[in-house]
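Okay, structure first, notes after.
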Amino acid sequence: MLLAFLSVALNALAQITIKSLSGLELSFNVVLRSWQLYSTGFLYGASIIAWFFALKTLPLGIAYPLQALGYVLVTVLAWAIFNESLNWLQVLALGVIVVGVLLLSLSASK
């Protein structure tokens, strides 16, 4: 299960590095020379490899719902790093996602 969480975290970090590209003047040459582009590729690649190995050991019914935690992680990271707004309704929705993932994981493991 640790590999599934690692995959989700790496994927979320890839999203954050893509977002950091928005601070650059987006021309073809600038993007090709940016560390964010190469970091994103590395993070996505590592995420896919971790996901591959996670699926070798976990049932898909348990592993796949964990991907929804990416929504939570990306939203929290965007709030913490980019100062994006987060209101009480969004926090409630993120909590519902977490509870849903926990319930799916618990029910699938029985």
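Bear in mind these aren't lab numbers, they're just calculated from the coordinates by the rules spelled out. Not measured: the values here are computed from a predicted model. Positions of Cβ are backbone-derived with ideal geometry, glycine not excepted, and every protein chain shown enters the neighbour counts.
For V99 and W79, the difference between the fully extended length at 0.36 nm per residue and the C-alpha to C-alpha distance is 5.1 nm. For the chain, the normalised intensity computed at q = 0.11, 0.21 Å⁻¹ comes to -0.43, -1.10 (log10 of I(q)/I(0), Debye sum over alpha carbons, equal scatterers, no solvent).
Quick check: the angle from helix 2-20's long axis to the longest principal axis of the chain, C-alpha only, nearest 10 degrees? Long axis of 2-20 versus the principal axis of the chain: about 30 degrees. List the residues of segment 62-105 whose backbone N lies under 12 Å from a point placed 7 Å from the Cα of W35 along the Cα-to-Cβ direction. Under cut-off, by backbone N: nothing.
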